[in-house]
Amino acid sequence: VVPNCPCLSPDINELNLPKTCEIDFSDQDDLLHFRLLICPDEGFYKGGKFVFSFKVGQGYPHDPPKVKCETMVYHPNIDLEGNVCLNILRWATGTPGGAISTWGATEHLGGV
């Protein structure tokens, strides 16, 4: 169980990653920081190896994790610094013109 973050352990245990993904906890005692390696076996990125770092804050599940792509890649949802831009990783704010999917306390790591 993660200190001050009891919701994280069940979310990690319930992750059902495909064979093309591998999770790495460099420090087994620190579940708040980990990496995800994605090796697509089909599509445009087939044969690539993409590393994403996750930093989960003490406010989880109320606060979204910080996700960064450590591999230089051209993708419309990843900027040049590796910042991942997904609506689910944003705070819910007023959005004129319609609602967008944003992070809420009912979200979990499997949704990212």
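Could you order the peptides 12-22, 59-69, 32-42 from most to least packed, using the average number of other C-beta atoms within 10 Å per residue?
59-69, 32-42, 12-22
Where does region 19-63 land on Rg(C-alpha)/(2.2 N^0.38 Å)?
Details: Rg = 13.1 Å, N = 45, 2.2 N^0.38 = 9.3 Å.
Working it through for region 19-63, the quotient is 1.40.
Can you tell me the length gained on complete extension of the stretch Ile23 to Thr71, counting 0.36 nm per residue apart and subtracting the Cα distance?
On the way: separation 48, 0.36 × 48 = 17.28 nm, distance 1.54 nm.
The Ile23-Thr71 span can extend by a further 15.7 nm.
With a/c under 1.5 counting as rounded, go ahead and sort region 14-90 into rounded, prolate or oblate using the C-alpha gyration tensor (a ≥ b ≥ c being the square roots of the eigenvalues; past the cut-off, prolate if a/b is larger than b/c, else oblate).
Values: a/c = 1.88, a/b = 1.30, b/c = 1.45.
It is oblate, given that a/c is not under 1.5 and a/b is not larger than b/c.
Can you list the residues, at least 5 places off or on another chain, whose amide H is less than 5 Å from the amide H of His75, using H built in the peptide plane?
Hits under the 5 Å cutoff: none.
Bear in mind that the values in this text are calculations on the coordinates, not laboratory data. All values derive from a computational prediction rather than experimental measurement. Backbone-built Cβ (ideal geometry, glycine too); neighbour counts: all protein chains shown.
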